[in-house]
Amino acid sequence: MAVFSAGSKPTEVDPRAIESMQEIGIDISGQRSKSIAEIPTDKIDCAITLCAEGEEDCPFFPGDVTRLSWPHPDPAAAQGTREEVMQAFRGVRDDLARRIRELRDAEAR
């Protein structure tokens, strides 16, 4: 299985996302934000959107493509203390990890 990550409005990888992933031993510091135009859309069999805006901006993928919606508030928009903002990043990180494990386990059956 190949996995691609892209966005409808790529900007940059938020340093707080990098920090939250480093906390669980994953280094994404070398990653960059990519446009959907940069991924091989002909190889997509499952498209997962993470926010309501993504649903509207998600392109059409030809063939038998499963669409999943895993909406999350944008942690970069979180307000409060540094710790409260980091908790927003950790919450999204942990929920996505759980959903990815569930999807992987369902595919394995």
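Structure data summary
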{"read-out": "For the chain: accessible area per residue (Å², 1.4 Å)", "value": "71"}
{"read-out": "Stretchable slack from Glu102 to Thr11, in nm (0.36 nm times residue separation minus alpha-carbon distance)", "value": "29.9 nm"}
{"read-out": "Residue-averaged 222 nm ellipticity for the chain, from DSSP H runs of 4+ at -39500 (n - 2.57), nearest 500", "value": "-12000 deg cm²/dmol"}
{"read-out": "The chain, accessible surface, carbon-and-sulfur percent (1.4 angstrom probe)", "value": "52"}
{"read-out": "For the chain, convex hull of alpha carbons as volume per residue, Å³", "value": "114"}
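The values are calculated or read from the model by the stated rules, or taken from the named source; none is laboratory data. Remember, it's a predicted structure, so these values are computed and weren't measured experimentally. Each accessible area value is taken on the protein alone, full model and side chains, heavy atoms only, with ligands, DNA and RNA left out. Shrake-Rupley method; radii C 1.70, N 1.55, O 1.52, S 1.80 Å.
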